[in-house]
Amino acid sequence: MEGTTQEVGDRVRQLVHDLSFYSVAHVVPALLSLGALMLFTRTFRPETFGRYSLSLAVAGIVSTLLYGWLNYSVLRYAPQLDEELVIRNAFSVYLGISSVLLLAAIGGYLVLRHRLGPYTVFFFASLGLALARGGLQVLLAFFRSILNSQKVTLFRLARAVVGLGFSVVLAIFVLDHIVGWIWGTTIGIAVACVLAFVTSEQVRTSPAVDRETIGRLAGYGVPMIGFVIGDAFLVQADRVLLEVFAGSVAVGIYSSNYMLVDRGLRLAYTPMLQAMSPIIIDSWEGDNEGEIADTLTKFMRYFILLGVPVVVGVAALSRTVSTLLIGDEFTSGYVIIPIVAVGLFLWSLANLAQVAIEIKEQTSLLSYGILVVIALNVALNVPLITAFGYVGAAVATVISYGLYCAFTLVFSSRYIAWQFPVLPFRNALIAGAVMACPTAALYVTGTYGVAVSLLTAAVGGVLYGAVLYGLDEVGARDINSLGALL
């Protein structure tokens with residue numbers, strides 16, 4: 001028992017270490033992305049921004065469909081098999097997929113170029129982004145798998161800084177078109193990949209073809225294609241359906257506000273998830289289910305206690321953030337921010353819970369679950385968009401994320417007998433409700449303003465901590481434990 005406790009403690013120490021680096025790796029890029037969003041929503045009209053968003057969505061779906069499964073395979077097997085063997089074979093798979101994609105895209109362009117209309121200018125930019133993104137994600141997955149959070153942070157920062165610089169120059173000064181944002185992002189990713197090869201001997205190696213290794217990578221990852229494309233589809237499908245049923249202007253308004261909440265929540269959630277998941281996977285030895293269950297339960301509690309106030313804070317400041325950060329033509333979409341925030345929180349919970357399914361290599365189950373949710377998402381989106389426009393798309397998103405969260409919570413506990421922290425979740429919801437009261441009072445009394453909303457949000461944060469302390473959810477024990485880890 002003492003040994004298990006020590007091992008869990010070691011994992012928590014690793015979490016604190018990696019979380020500090022992953023936070024930097026996401027805070028800086030997210031802030032730079034927000035800066036770009038502020039600039040480009042004031043430079044380009046909603047219709048143009050909508051076309052950019054749709055092109056970005058297509059690039060994301062293609063990249064995720066073709067390479068997403070490989071990322072999960074590298075993350076799963078690099079810690080357990082020979083690291084060099086895994087990355088060399090992963091490179092071979094990446095090059096093979098990229099060659100097919102490039103040939104198919106060129107052939108498709110020659111056949112369809114007269115039908116692309118205003119999207120013609122986005123075609124090769126989106127193709128380049130899909131190819132570059134796929135390569136960098138494989139590299140980042142490798143460094144995450146070996147718990148090298150410093151390298152992940154370095155490469156993400158390089159991508160963000162270089163990408164923003166080239167995006168501004170290309171979009172505003174060279175091309176005078178928002179497609180420069182996509183080209184700039186692609187260049188930033190390419191520079192990050194080059195930096196990875198220059199600074200890391202672990203990946204500075206030649207591709208190799210080992211049938212057994214590729215077979216294991218494919219056997220684990222390919223059944224996850226349904227899940228990885230489902231992930232991208234749930235995030236991006238609403239934009240495609242909005243384009244069909246509501247037009248490019250609605251896509252632009254929806255996407256700009258969605259990007260605000262998405263960037264904001266990822267500042268908090270993604271570093272936690274990227275730190276927690278590899279630690280759990282790395283600690284799996286095949287027969288230590290008790291240790292895994294304890295670690296997953298502990299990490300889930302941390303995620304909930306830290307994640308709930310982020311949702312409430314984003315919802316409380318939705319109108320203020322939209323008014324301050326994006327152009328006037330886009331701010332009417334702030335109403336979707338609280339809705340999307342809840343959905344992203346549920347999606348993040350699901351991503352943490354499904355690690356229990358992943359380490360048991362039941363990846364096809366995730367695909368089945370997400371495909372059912374996708375079908376329901378489309379069935380919900382069509383009538384809701386038709387009736388309520390982009391607000392309907394946000395509602396369909398949160399319902400879909402909620403269904404997938406419920407699915408993963410139910411099935412993950414069947415493979416690893418971990419316990420969902422019900423009491424901490426209840427206490428966090430109570431504290432979150434109290435936290436929301438000061439800002440809610442502003443809406444009820446008609447006194448909402450930018451300055452006063454910032455003040456009430458700060459007061460709400462203090463109330464959240466006070467309520468958790470009053471409910472004995474956090475106290476001296478947690479503070480002392482955290483101090484011992486730092």
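Data overview
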| read-out | value |
| --- | --- |
| Subset of the range 117-135 [in contact with a Cys (Cβ under 8 Å, 6 or more places away or on another chain) and surrounded by fewer than 23 Cβ atoms within 10 Å (Cβ to Cβ)] | Gly135 |
| Residue match in the range 343-363 (condition: of a type in the set (Phe, Trp, Tyr) and either surrounded by 21 or more Cβ atoms within 10 Å (Cβ to Cβ) or under 20 Å from Arg426 (Cα atoms) (or both)) | yes |
| Criterion violated by His114 - all others in (1) open to solvent by 60 Å² or more (accessible area, probe 1.4 Å); (2) part of a helix (DSSP H, G or I); (3) within 30 Å of Pro278 (Cα to Cα) satisfied | (3) |
| Positions within the range 207-242 being among the charged types (D, E, K, R), open to solvent by 30 Å² or more (accessible area, probe 1.4 Å) and modelled with pLDDT under 85, in sequence order | Asp231 |
| Matching entry among Leu70, Leu103 (being modelled with pLDDT of 95 or more and not aromatic (Phe, Trp, Tyr)) | Leu103 |
| Given (1) open to solvent by less than 20 Å² (accessible area, probe 1.4 Å); (2) closer than 22 Å to Thr64 by Cα, index of the condition Val194 fails | (1) |
| Tally of residues being open to solvent by less than 20 Å² (accessible area, probe 1.4 Å) and assigned to a loop (DSSP other than H, G, I, E, B) across the range 400-420 | 2 |
| Some residue of the range 287-308 being aliphatic (A, V, I, L, M), over 28 Å from Gly432 (Cα atoms), touching a helix residue (DSSP H, G or I) at 6+ places or on another chain (Cβ under 8 Å) and crowded, with 23+ Cβ neighbours inside 10 Å | yes |
| Residue ranges of helices (runs of 4 or more DSSP H) in the range 181-300 with at least 3 members under 21 Å from Phe40 (Cβ atoms) | 225-245, 248-283 |
| Test result for Val452, open to solvent by 60 Å² or more (accessible area, probe 1.4 Å) and either of a type in the set (Phe, Trp, Tyr) or under 16 Å from Ala315 (Cα atoms) (or both) | no |
| Condition met for Arg266 (open to solvent by 10 Å² or more (accessible area, probe 1.4 Å), under 14 Å from Val340 (Cβ atoms), in contact with a Ser or Thr (Cβ under 7 Å, 6 or more places away or on another chain) and basic (Lys, Arg)) | no |
| Residue satisfying condition, being surrounded by fewer than 19 Cβ atoms within 10 Å (Cβ to Cβ), under 20 Å from Tyr119 (Cα atoms) and more than 25 Å from the chain's Cα centre (by Cα), within set Leu170, Leu175 | Leu175 |
| The listed residue being part of a helix (DSSP H, G or I), in contact with a Ser or Thr (Cβ under 7 Å, 6 or more places away or on another chain) and farther than 25 Å from Gly215 by Cβ, out of Tyr119, Tyr109 | Tyr119 |
| Residues located in the range 249-263, provided they are open to solvent by 10 Å² or more (accessible area, probe 1.4 Å) and closer than 15 Å to Thr397 by Cα | Met259, Asp262 |
| Qualifying positions in the range 75-90 - closer than 13 Å to Ala218 by Cα and either modelled with pLDDT of 90 or more or over 23 Å from the mean Cα position of the chain (by Cα) (or both) | Val86, Asn89, Ala90 |
| First in the range 309-320 and closer than 8 Å to Pro338 by Cβ, second anywhere and of a type in the set (Ser, Thr, Tyr) and assigned to a helix (DSSP H, G or I), Cβ under 7 Å, 6 or more apart | Ser318/Tyr334 |
| Residue tally, condition open to solvent by 20 Å² or more (accessible area, probe 1.4 Å) and polar (S, T, N, Q), over the range 309-342 | 3 |
| Subset of the range 206-254 (residues that are within 17 Å of Leu65 (Cα to Cα) and of a type in the set (Ser, Thr, Tyr)) | Tyr220 |
| Every residue from the range 432-449 that is assigned to a helix (DSSP H, G or I) and open to solvent by 70 Å² or more (accessible area, probe 1.4 Å) | Cys437, Tyr443, Val444, Thr445 |
| Unmet criterion (only one of (1) over 30 Å from Ala78 (Cβ atoms); (2) open to solvent by 10 Å² or more (accessible area, probe 1.4 Å)) for Gly180 | (2) |
| Conditions (1) crowded, with 22+ Cβ neighbours inside 10 Å; (2) in contact with a Pro (Cβ under 8 Å, 6 or more places away or on another chain): number failed by Ser367 | (1) |
| Filter result for Phe155 (open to solvent by less than 20 Å² (accessible area, probe 1.4 Å), under 30 Å from Ile281 (Cα atoms), of a type outside the set (Gly, Ala, Ser) and assigned to a helix (DSSP H, G or I)) | yes |
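The values are calculated or read from the model by the stated rules, or taken from the named source; none is laboratory data. Please read these numbers as outputs of a predicted model, since none were measured by experiment. Ideal geometry is used to build each Cβ from the backbone, glycine not excepted, and the neighbour counts take in all protein chains shown. Areas reflect the complete protein model, heavy atoms only, side chains present, ligands, DNA and RNA absent. Shrake-Rupley method; radii C 1.70, N 1.55, O 1.52, S 1.80 Å.
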